[in-house]
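First up is the structure itself, then whatever we jot down about it.
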Amino acid sequence: MSTSPQPVAGPIAPTPASQRLLAPDLARGVMLLLIALAHSRQLHAGGNSLTTPAGGGPVDVAVQWLLTSLVDGRAAPLFGILFGYGLVQMTRRYTGLGGDPAQARRLIRRRGVWLIVFGIAHVVLLYSGDVIGAYGAFAVMFAGVVSWSSRRMWTVMAITLVLGVTAASLLQILTPSDAPLAVGPTLLDSAIMRTSALPVLPIAAVGIAPSVLIGVLAARMRLLEQPDRYRPLLRRFALIGFPVAVLGAQPVALQAVGLWTPASPGTDAAGHAVFAATGIAGGLAFLAAIALAAYRLGDRRGPVTTALVACGRRSMTFYIAQSPVWLVATEPSLLDLGGKLGAATAAGVAVATWAGTVVIAYALDRTGQRGPFEALLRHLTYRTRSARQPAA
């Protein structure tokens, strides 16, 4: 005896604003500021090398030390944690509690493929330091992550942490202090040069894996859904994570301000390894601090919080929206400011860029418009979803 077809579990409509958690969206809005500040180094003399002093006056030196200690290698793990948290929320909403793992894998892999496409386009057209493609590659390579056992997750986390720290350390050690930006005499030349970053997508996916896996574990705990329950844990993350991240950054940060020079290549390599490994502590600390702030805010949301949340809800759109600024600022055929500003001025450009995107996001939110890239990604991800499945 057959029955009528039943709809596939899980809605495809966006989560209503009234049901969205404050903490993840607020964290994404703040994260975009950290990313802008991290990208601002291409405007000062430090460039791609984290240990190269940018020079300038005392304010420039202080800004470079602060950003190296709290932002470089610390903003990216926050991005990864939020991505992992979002994977669990997405699949939980789509397949329901205890949903079909195979269905979840298909959803994650399909979304990952389109993220890779977005990332490639972003690199070729605008910015070589794209991370969207890396997260897409992670989703394709580790599509089953949301149904892994905790033991398997911790094992993979340990392995990828070692591999990621090694790769990040080698990259910085092998990057000459005077390495030029990936720009050419014309826009076309620069686009061709940027494509050289594309083959490292799988390596980048492995590098971000530990922070994404932490995000998956946090989502299983419902860490951000139940901040009142986890307040002591969140406080420990913040109180321990920030000091660990800042202290772990000092082997690199002190070189960046010219106060220390490694005695040997081995010491230099060890310093870079410590810097890379402790970045995750910074990402967790930022997440915990923002979660605690969101808990205290509750439903009391003023215009600043509303604007930050609006930007966080459209994080991919406004992450990409920062890139035209870096393109115009660094291209030799345009403003040609790469490596020519002081660290403080470069950071000011980053803050202004981020603030502009927050204002635009607030305007979009007031008119009820979604981010165009989020809307496109959702359409591409779900358009192949069968509306009905036969049930025995």
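The values are calculated or read from the model by the stated rules, or taken from the named source; none is laboratory data. These numbers were taken from a predicted model, which means no experiment stands behind them. FYI the Cβ positions are ideal-geometry reconstructions off the backbone, even for glycines, and counts take in every protein chain you see.
Please go through segment 280-303 and pick out each residue that is in a helix (DSSP H, G or I) and farther than 18 Å from residue 32 by Cβ. The answer is 280, 281, 284, 288, 292, 295, 296, 297. For residue 128, the conditions (1) surrounded by fewer than 20 Cβ atoms within 10 Å (Cβ to Cβ); (2) modelled with pLDDT under 95 are fulfilled apart from (1). Filtering segment 294-326 to residues that are hydrophobic (A, V, I, L, M, F, W, C), surrounded by fewer than 17 Cβ atoms within 10 Å (Cβ to Cβ) and in contact (Cβ under 8 Å) with a residue 60 or more places away in the chain leaves only 297. Please verify whether residue 353 is under 17 Å from residue 38 (Cβ atoms) and buried (at least 20 other Cβ atoms within 10 Å of the Cβ), treating the condition exactly as stated. So residue 353 passes the test.
Within segment 225-237, being surrounded by 13 or more Cβ atoms within 10 Å (Cβ to Cβ) and either assigned to a loop (DSSP other than H, G, I, E, B) or in contact with a His (Cβ under 6 Å, 6 or more places away or on another chain) (or both) holds for 225, 227, 230. Among the residues making up segment 342-379, those that are without any contact (Cβ under 8 Å) to a residue 24 or more places away in the chain and either of a type in the set (Phe, Trp, Tyr) or assigned to a loop (DSSP other than H, G, I, E, B) (or both) are 367, 368, 369. For segment 238-279, the set of residues classified as surrounded by fewer than 18 Cβ atoms within 10 Å (Cβ to Cβ) and farther than 30 Å from residue 27 by Cβ consists of 258, 259, 260, 261, 262, 263, 264, 265, 266, 267, 269, 270, listed by residue number.
Every test in (1) surrounded by fewer than 22 Cβ atoms within 10 Å (Cβ to Cβ); (2) touching a helix residue (DSSP H, G or I) at 6+ places or on another chain (Cβ under 9 Å); (3) not hydroxyl-bearing (Ser, Thr, Tyr) is passed by residue 199 save one, and that test is (2).
The single condition among (1) surrounded by fewer than 23 Cβ atoms within 10 Å (Cβ to Cβ); (2) closer than 23 Å to residue 341 by Cβ that residue 30 does not satisfy is (2). Within segment 300-339, the residues that satisfy the criterion of being charged (D, E, K, R) and over 23 Å from residue 49 (Cα atoms) are 300, 301, 313, 314.
Results for (1) closer than 25 Å to residue 223 by Cβ; (2) under 14 Å from the mean Cα position of the chain (by Cα); (3) not in a helix (DSSP H, G or I), shown as yes or no for each residue.
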position	(1), (2), (3)
51	no, no, yes
62	no, no, no
69	no, no, no
73	yes, yes, yes
76	yes, yes, no
81	yes, yes, no
84	yes, yes, no
94	yes, no, no
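Given the conditions (1) at pLDDT below 95; (2) surrounded by fewer than 21 Cβ atoms within 10 Å (Cβ to Cβ); (3) hydrophobic (A, V, I, L, M, F, W, C), which single one is not true for residue 142? Going through the list (1) at pLDDT below 95; (2) surrounded by fewer than 21 Cβ atoms within 10 Å (Cβ to Cβ); (3) hydrophobic (A, V, I, L, M, F, W, C), residue 142 breaks only (2).
For residue 105, the requirement of being basic (Lys, Arg), touching a helix residue (DSSP H, G or I) at 6+ places or on another chain (Cβ under 7 Å) and either touching a residue at least 24 places away in the same chain (Cβ under 8 Å) or buried (at least 22 other Cβ atoms within 10 Å of the Cβ) (or both) is not met. Per this entry, residue 390 is not counted among residues that are loosely packed, with under 14 Cβ neighbours inside 10 Å, at pLDDT 95 or above and either closer than 30 Å to residue 107 by Cα or not hydrophobic (A, V, I, L, M, F, W, C) (or both). Residue pairs whose Cβ atoms lie under 8 Å apart, sitting 6 or more positions apart in sequence or on different chains, and linking a residue in segment 112-134 that is without any contact (Cβ under 8 Å) to a residue 40 or more places away in the chain to a partner that is outside any helix (DSSP H, G or I) and buried (at least 18 other Cβ atoms within 10 Å of the Cβ), are 112/143. Here the condition is being free of Cβ contacts under 8 Å to residues at least 24 places away in the same chain and closer than 18 Å to residue 72 by Cα; of 181, 188, 171, 161, it holds for 171 alone.
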